[in-house]
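K.L.:
Just dropping this structure here.
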Amino acid sequence: MHRLSGKVAIVTGAASGIGAVTARLFAAEGARVLATDLRPGAADWKATENLAFMAQDVRDEARWDAVFAAAREHFGPVDILANIAGINGVFGDRAPSQAPDEIELGLWREIQAVNVESVVLGCRAALRAMAGRGGAIVNISSIAAQKGWPARGAYGASKAAVLQYSRTVARYAAGRGWPIRCNAVLPGPIATPMLFPSGQTTATGGDGRAGADHVPLGRFGIAEEVARPILFLASDEARYITGTGLLIDGGLSLVK
Amino acid sequence: MRDSRAVAGRLAGKIALVTGAASGIGAATVALFSAAGAAVMATDRAAPQAGAASLAFDVTDAGRWTAVIDATVAKLGGLDILVNCAGLNPGAHPAARQTMADITLDDWQFVQRVNADSMMLGCRAALPHLRDGGAIVNIASLAAVVGMPDAMAYGVSKAAIASITKSVALLAARAGRGLRCNAVFPGPILTPTMVPPPHRTPERVPLGRFGEADEVAAAILFLASDDAAYVTGAELFVDGGLSML
């Protein structure tokens, strides 16, 4: 008996980082998973009976309909949506300023489009698909939603929007009497390609402790440590939990 | 949990101490932890018939906390998890359902002693004994973050738990052994002593119903398990959506 037995899930941003681990974890826990990403899967990506991949630009309105249709056709009605695709505005070695007196409107819009519009479109598609039978949505906010962070102001604002919108979706669905839950997770510093784009797993490689002195637990998190809380919130174990945001930050938000 | 097979093995090899284990959320936690493979020391004012071992224990007895921890370690072989469930709620005790105008100072202090002081005592006694990766889960309440004019001592005691949890999370982290401390914030949960305030009907809850003890236990299991290895100092609401209103 697995924790997501019989469930059908869509996981976005699944080519790397938290999304890749979540898609595999969901499948390992018995779900049939349609994993999507702008980029194809990593080299070790293996489609299985329970895990399929589809290209998706989460900003593309029409593509969302195609993704839900494909999931339904391939696996059955969708029970779970994990909206994981996102960007922080750092593009490889290029990190254009997000300082409030410098940010370019194009960058602001791009970050909001990928991080917020994707959640708006994904939740809309999920609510339509789940209205009759219920389901669970998990969105990825961030500790950045709660902090002033000049270096990532556009990113933080987008993640604050995701947290608020998760609550709105939760309240809307509940108000309609639909058995659909919507929650957000707020990861802190997680060693993923987003945080360390040049490929090392931590700031300086090693055991995840170097460069993490500011984190109470003394290390960066790993993708699986976010994927497992996502699994909990997506599963029926969390059936009385909706409209909440769960911090996964090694205690970082406790220190000011 | 409605299907305990899905939890098998999630606390394999873990040893847990659960207070307030005779009824409600505590009893549900002992049952779920046991199904998940933990060896559980269950305590309440009268020793519960549950878990791998049990003790009669009044959590306000400051001098006895160390003995209870020692007994758990001696009997079960260590300590990985403390779940501070013991507490009184407005349905169970008149002291917890009085206004500021009506409550005596003795009653006020009694509520703080049972609900909040006990959590500090438990965390203090357990922390040095927790094995690497160990976890404490405290039971706060939605009452910690809203106004509670008709149960003010209760609301204050639960707000104290929220603060205790954050401080203990940082103290635990300093040990550098992956020790964690988190709190769950239940909303209206149907337990034997739960009496919902008149304005709190199931219809007022976004999910349209009161919760069940095993739904809180599932959240406690998550926070106590290695699934939450990077979660510390967090507040997890299990409230049918009330906190978002």
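The values are calculated or read from the model by the stated rules, or taken from the named source; none is laboratory data. It should be emphasised that the depicted structure is a prediction, and the values quoted were computed from it without experimental measurement. With ideal geometry, Cβ positions are generated from the backbone for all residues, glycine too; neighbour counts draw on all protein chains shown.
K.L.:
Scan the stretch B:200-219 for residues that are part of a loop (DSSP other than H, G, I, E, B) and more than 8 Å from chain A (Cβ to nearest Cβ) and jot them down.
P.N.:
Taking the stretch B:200-219 first, the residues part of a loop (DSSP other than H, G, I, E, B) are B:200-201, B:205-210.
Hits for the stretch B:200-219 are B:ARG200, B:THR201, B:VAL205, B:ARG209, B:PHE210.
K.L.:
Could you please give the count of residues in the stretch B:225-245 that are facing chain A (nearest Cβ under 7 Å), assigned to a loop (DSSP other than H, G, I, E, B) and crowded, with 23+ Cβ neighbours inside 10 Å?
P.N.:
Qualifying residue count for the region: 7.
K.L.:
Follow-up question, since we're still on this one. From B:ASN115, B:ASN138, B:ASN89, which residue is within 27 Å of B:SER34 (Cα to Cα) and touching a Cys at 6+ places or on another chain (Cβ under 8 Å)?
P.N.:
B:ASN138
K.L.:
Right, something else. For B:ALA229, are the conditions met, namely being touching a Leu at 6+ places or on another chain (Cβ under 9 Å), hydrophobic (A, V, I, L, M, F, W, C) and at pLDDT 95 or above? Full working, then the answer.
P.N.:
Details: touching a Leu at 6+ places or on another chain (Cβ under 9 Å): yes; hydrophobic (A, V, I, L, M, F, W, C): yes; at pLDDT 95 or above: yes.
Criteria met by B:ALA229.
K.L.:
Also: Tell me the residue from B:ASP227, B:ASP214 that is touching a Lys or Arg at 6+ places or on another chain (Cβ under 6 Å) and touching a residue at least 40 places away in the same chain (Cβ under 8 Å), please.
P.N.:
Details: B:ASP214 fails: touching a Lys or Arg at 6+ places or on another chain (Cβ under 6 Å).
On inspection, the qualifying residue turns out to be B:ASP227.
K.L.:
Against the condition in contact with a helix residue (DSSP H, G or I) (Cβ under 7 Å, 6 or more places away or on another chain), under 17 Å from A:GLY250 (Cα atoms), outside any loop (DSSP other than H, G, I, E, B) and modelled with pLDDT of 95 or more, how does B:PHE222 come out, does it pass? Outline the logic, then answer.
P.N.:
Numbers: in contact with a helix residue (DSSP H, G or I) (Cβ under 7 Å, 6 or more places away or on another chain): yes; under 17 Å from A:GLY250 (Cα atoms): yes; outside any loop (DSSP other than H, G, I, E, B): yes; modelled with pLDDT of 95 or more: yes.
Spelling it out, B:PHE222 is indeed in contact with a helix residue (DSSP H, G or I) (Cβ under 7 Å, 6 or more places away or on another chain), under 17 Å from A:GLY250 (Cα atoms), outside any loop (DSSP other than H, G, I, E, B) and modelled with pLDDT of 95 or more.
K.L.:
In the set A:LEU247, A:LEU217, which member is over 24 Å from A:ALA95 (Cα atoms), touching a residue at least 12 places away in the same chain (Cβ under 8 Å), assigned to a loop (DSSP other than H, G, I, E, B) and within 8 Å of another protein chain (Cβ to nearest Cβ)?
P.N.:
Values: A:LEU247 fails: assigned to a loop (DSSP other than H, G, I, E, B).
Exactly one of A:LEU247, A:LEU217 is over 24 Å from A:ALA95 (Cα atoms), touching a residue at least 12 places away in the same chain (Cβ under 8 Å), assigned to a loop (DSSP other than H, G, I, E, B) and within 8 Å of another protein chain (Cβ to nearest Cβ), namely A:LEU217.
K.L.:
Separate question: Among the numbered conditions (1) touching a residue at least 60 places away in the same chain (Cβ under 8 Å); (2) facing another protein chain (nearest Cβ under 8 Å); (3) part of a loop (DSSP other than H, G, I, E, B); (4) more than 16 Å from the chain's Cα centre (by Cα), tell me where B:PRO197 comes up short.
P.N.:
(2)
K.L.:
Take the residues of the stretch A:225-242 that are in a loop (DSSP other than H, G, I, E, B) and in contact with a Leu (Cβ under 8 Å, 6 or more places away or on another chain): which is surrounded by the fewest Cβ atoms within 10 Å (Cβ to Cβ)?
P.N.:
From the stretch A:225-242, those in a loop (DSSP other than H, G, I, E, B) are A:235, A:239-242; that's our starting set.
Now drop any that are not in contact with a Leu (Cβ under 8 Å, 6 or more places away or on another chain), which leaves A:235, A:240-242.
Working: A:SER235: 22, A:TYR240: 26, A:ILE241: 30, A:THR242: 32.
So, considering only residues that are in a loop (DSSP other than H, G, I, E, B) and in contact with a Leu (Cβ under 8 Å, 6 or more places away or on another chain), the one surrounded by the fewest Cβ atoms within 10 Å (Cβ to Cβ) is A:SER235.
K.L.:
Based on what the data block shows, is A:ILE222 surrounded by fewer than 22 Cβ atoms within 10 Å (Cβ to Cβ), in contact (Cβ under 8 Å) with a residue 12 or more places away in the chain and within 9 Å of chain B (Cβ to nearest Cβ)?
P.N.:
Spelling it out, A:ILE222 is indeed surrounded by fewer than 22 Cβ atoms within 10 Å (Cβ to Cβ), in contact (Cβ under 8 Å) with a residue 12 or more places away in the chain and within 9 Å of chain B (Cβ to nearest Cβ).
K.L.:
Of all the residues that make up the stretch A:143-178, how many are within 14 Å of another protein chain (Cβ to nearest Cβ), assigned to a loop (DSSP other than H, G, I, E, B) and in contact with a helix residue (DSSP H, G or I) (Cβ under 8 Å, 6 or more places away or on another chain)?
P.N.:
Of the residues in the stretch A:143-178, 2 are within 14 Å of another protein chain (Cβ to nearest Cβ), assigned to a loop (DSSP other than H, G, I, E, B) and in contact with a helix residue (DSSP H, G or I) (Cβ under 8 Å, 6 or more places away or on another chain).
K.L.:
All but one of (1) assigned to a helix (DSSP H, G or I); (2) touching a helix residue (DSSP H, G or I) at 6+ places or on another chain (Cβ under 8 Å); (3) of a type in the set (Ser, Thr, Tyr) hold for B:SER167; which doesn't?
P.N.:
Among (1) assigned to a helix (DSSP H, G or I); (2) touching a helix residue (DSSP H, G or I) at 6+ places or on another chain (Cβ under 8 Å); (3) of a type in the set (Ser, Thr, Tyr), B:SER167 violates only (2).
K.L.:
Determine, yes or no, whether A:ALA70 is out of contact with any helix residue (DSSP H, G or I) (no Cβ under 8 Å at 6 or more places or on another chain) and more than 24 Å from A:PRO229 (Cβ to Cβ). I'd like the intermediate steps shown before the answer.
P.N.:
Working: out of contact with any helix residue (DSSP H, G or I) (no Cβ under 8 Å at 6 or more places or on another chain): yes; more than 24 Å from A:PRO229 (Cβ to Cβ): yes.
Yes: the conditions hold for A:ALA70.
K.L.:
Which one of these does B:ASN182 not meet: (1) of a type outside the set (Gly, Ala, Ser); (2) within 15 Å of the chain's Cα centre (by Cα); (3) at the interface with chain A (Cβ under 8 Å from one of its Cβ atoms)?
P.N.:
Result: B:ASN182 passes all but (3).
K.L.:
For the stretch A:225-244, what are the residues that are at the interface with another protein chain (Cβ under 7 Å from one of its Cβ atoms) and charged (D, E, K, R)?
P.N.:
The answer is A:GLU225, A:ARG228, A:GLU237, A:ARG239.
K.L.:
Give me the residue from the stretch B:158-174 that is crowded, with 24+ Cβ neighbours inside 10 Å and in contact with a Lys or Arg (Cβ under 9 Å, 6 or more places away or on another chain) and, out of that set, farthest from the other protein chains (Cβ to nearest Cβ).
P.N.:
The extreme case among them is B:VAL168.
K.L.:
Which ones in the stretch A:30-50 are modelled with pLDDT under 95 and of a type in the set (A, V, I, L, M)?
P.N.:
The answer is A:LEU38, A:ALA42, A:ALA43, A:ALA47.
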